[in-house]
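Q: Pasting a structure here, questions to come.
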Amino acid sequence: MKSIWILFRLKIVRLIKYIFNISDFTLFTRKLKRNVEKMVYHKTFTAKDIVKVMMDMGMKQGSVVMLHCAMNNFYNYRGRAEDLINEIMQVLGSEGTLCMPAYPFDKKNPDKIFDVRSDKTAAGYLAETFRHYPGVKRSLNKLHSVCALGKNAEFLVSEHHLSKTCFDEKSPFYKLGLLEGLSFSLGLPRYFIGTVGHVCESLLAEKLLYYKNQFSKEVQYIYIDKEGRRMYHTMNTECKVPYIRSRNTKLVDTYFDKEKYARVRLSNIWINMFDAEYTIQKLKELACDGKTIYTYPPFYR
């Protein structure tokens with residue numbers, strides 16, 4: 001009965017997208033939600049306010065931080081993108097490292113050549129601003145490139161062009177766990193875990209069939225590296241297997257150690273923090289027990 005309801009829900013979503021000419025239903029609903037929230041939330045906040053919350057969640061000098069941010073939801077923010085980056089880097093200090101996603105536009109188009117030196121990132125305004133910071137290093141991976149600045153930047157990004165799934169042991173997301181890093185999100189949904197959540201899918205690809213299907217399509221991409229050399233990289237990426245990501249925090253709130261994640265609302269935005277190593281291991285453990293952030297289709301061993 002549950003599977004029938006989920007399929008019906010998929011058909012309804014597709015029908016609504018067709019009738020109203022909506023290309024991305026998730027972005028459409030987020031925009032609608034944002035317009036409603038603007039009428040409700042009016043408290044202003046600054047970069048210092050955000051960083052104070054992040055420090056209360058565990059960020060400190062020497063931390064390794066992966067940051068996902070949707071600044072289009074910062075309509076009560078008073079400051080610049082640079083202010084937020086500078087405040088975070090000041091806390092992290094010379095021993096710390098800050099990372100942000102840096103995948104390019106049209107990343108899934110195999111004919112597009114990814115130039116790691118100049119291609120803008122589609123990961124948002126803050127990430128694009130960060131990409132231009134002096135000393136930032138960028139991983140050579142078209143689907144999930146990452147920019148990093150700080151002590152462990154080279155370690156995090158140096159092998160991403162050797163990854164087979166974007167999230168495997170050579171990826172910055174896996175290495176974030178090795179460094180006991182923290183994954184933060186700002187202005188994204190309250191259930192958002194971050195890209196580190198995909199690491200367990202890569203690690204379990206040979207054990208769980210659905211995850212294996214997610215990496216069953218082999219694609220070759222063309223890159224231009226920082227020296228201007230043309231390179232080729234073959235990766236396993238997702239096939240067209242339908243799924244519905246759970247739109248709630250039930251999995252996390254039910255099974256996760258409360259000391260390993262935090263969620264705080266600052267004015268209109270959610271600030272989420274997940275301990276990367278714990279999150280990867282816990283999601284692996286739960287997936288092997290049939291519990292995942294996905295509700296369709298059913299997983300099987």
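Q: Considering only residues of region 100-152 that are open to solvent by 40 Å² or more (accessible area, probe 1.4 Å) and of a type in the set (Asp, Glu), which is farthest from Pro172 (Cα to Cα)?
A: Looking at the filtered set, the residue picked out is Asp111.
Q: For Tyr125, only one of the following conditions fails: (1) at pLDDT 95 or above; (2) more than 17 Å from the chain's Cα centre (by Cα). What is its number?
A: (2) is the only condition that Tyr125 fails.
Q: Only one of (1) in contact with a His (Cβ under 9 Å, 6 or more places away or on another chain); (2) more than 26 Å from His132 (Cα to Cα) fails for Lys33. Which number is that?
A: Here Lys33 clears every test but (1).
Q: Then there's this: Where in region 98-193 are the helices (runs of 4 or more DSSP H), entirely inside, with at least 3 residues that are over 30 Å from Tyr255 (Cα atoms)?
A: Answer list for region 98-193: 125-131, 153-157.
Q: Same structure, new question: Does Glu218 satisfy the criteria of being open to solvent by 20 Å² or more (accessible area, probe 1.4 Å), among the acidic types (Asp, Glu) and out of contact with any Cys (no Cβ under 9 Å at 6 or more places or on another chain)?
A: Judged against the criteria, Glu218 is a match.
Q: Of all residues in region 49-69, how many are surrounded by fewer than 22 Cβ atoms within 10 Å (Cβ to Cβ) and either assigned to a helix (DSSP H, G or I) or at pLDDT below 95 (or both)?
A: 6
Q: I'd like to verify a number: residues in region 80-97 that are crowded, with 18+ Cβ neighbours inside 10 Å and outside any strand (DSSP E or B), how many?
A: Matching residues across region 80-97 total 9.
Q: Report, by residue number, each residue of region 268-283 that is surrounded by fewer than 17 Cβ atoms within 10 Å (Cβ to Cβ) and either among the charged types (D, E, K, R) or touching a Phe, Trp or Tyr at 6+ places or on another chain (Cβ under 9 Å) (or both).
A: Passing the criteria: only Tyr278.
Q: Filtering region 153-178 down to residues that are aliphatic (A, V, I, L, M) and crowded, with 22+ Cβ neighbours inside 10 Å, which residue is farthest from Lys226 (Cα to Cα)?
A: Leu176
Q: Would you mind stating whether Leu98 is free of Cβ contacts under 8 Å to residues at least 60 places away in the same chain, of a type in the set (A, V, I, L, M, F, W, C) and either at positive phi or out of contact with any Pro (no Cβ under 7 Å at 6 or more places or on another chain) (or both)?
A: Here the answer is yes, as Leu98 does meet what is asked.
Q: Something else now. Would you confirm whether or not region 6-22 contains a residue that is at pLDDT below 85, among the charged types (D, E, K, R) and touching a strand residue (DSSP E or B) at 6+ places or on another chain (Cβ under 9 Å)?
A: yes
Q: Look at region 230-260 and say how many of its residues are surrounded by 13 or more Cβ atoms within 10 Å (Cβ to Cβ), assigned to a strand (DSSP E or B) and either at pLDDT 85 or above or more than 20 Å from the chain's Cα centre (by Cα) (or both).
A: Residues in region 230-260 being surrounded by 13 or more Cβ atoms within 10 Å (Cβ to Cβ), assigned to a strand (DSSP E or B) and either at pLDDT 85 or above or more than 20 Å from the chain's Cα centre (by Cα) (or both): 5 in total.
The values are calculated or read from the model by the stated rules, or taken from the named source; none is laboratory data. Computed from a predicted structure; not experimentally measured. Positions of Cβ are backbone-derived with ideal geometry, glycine not excepted, and every protein chain shown enters the neighbour counts. Surface accessibility is based on the protein's heavy atoms, side chains included, excluding ligands, DNA and RNA. Shrake-Rupley method; radii C 1.70, N 1.55, O 1.52, S 1.80 Å.
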